Amino acid sequence: MPQKLSVIFRDDSPTIHFGDSPSYRSVQIELTPEQQERMKPRPTYRVGTTQYYEAISKCFIEPEGA
């Protein structure tokens, strides 16, 4: 069960102004037990005794007012 949400921010200004690579920073957010429970992958199917679960595909950050 995920305990943290990691977000990677990209700054394109070095590319735009200097032809350099973008810079990045990472922010990790601790999830509350309730948030962890909501993000727990659900079972999807079983083959014999092996249970398979959903996998995280994409995440979105919704801007304020969206």
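The values are calculated or read from the model by the stated rules, or taken from the named source; none is laboratory data. Being a predicted model, the structure only gives us computed values, none of them experimental. Heads up, the Cβs are rebuilt from the backbone with ideal geometry, glycines too, and the neighbour counts pull from every protein chain shown. Accessible surface is based on the protein model in full, side chains and every heavy atom, while ligands, DNA and RNA are left aside. Shrake-Rupley method; radii C 1.70, N 1.55, O 1.52, S 1.80 Å.
Remarks
- Taking only the C-alpha atoms of region 1-55, the Rg (one decimal) and the largest Cα-Cα distance, Dmax (whole number), read 18.6, 57 Å.
- Gain on full extension, evaluated as 0.36 nm per residue between LYS4 and ARG46 minus their Cα-Cα distance, stands at 12.4 nm.
- Residue with peak Gaussian network fluctuation, the chain [Cα springs, cutoff 10 Å], from PRO33, PRO22, PRO41: PRO22
- GNM remark for the chain: springs join alpha carbons under 10 Å apart, and the peak mean-square fluctuation among ILE29, ILE56, ILE16 falls on ILE16.
- Computed about the Cα centre, the dipole magnitude for the chain is approximately 420 debye when only Lys and Arg (+1) and Asp and Glu (-1) carry charge, each at its Cβ.
- Fully extended contour minus Cα-Cα distance, from ILE56 to THR15, at 0.36 nm per residue: 11.7 nm
- Probe 1.4 Å, accessible area per residue of the chain, Å²: 95 Å²
- Estimated from helical segments only, the mean residue ellipticity of the chain at 222 nm is -4000 deg cm²/dmol, where each DSSP H run of four or more residues counts as -39500 (n - 2.57).
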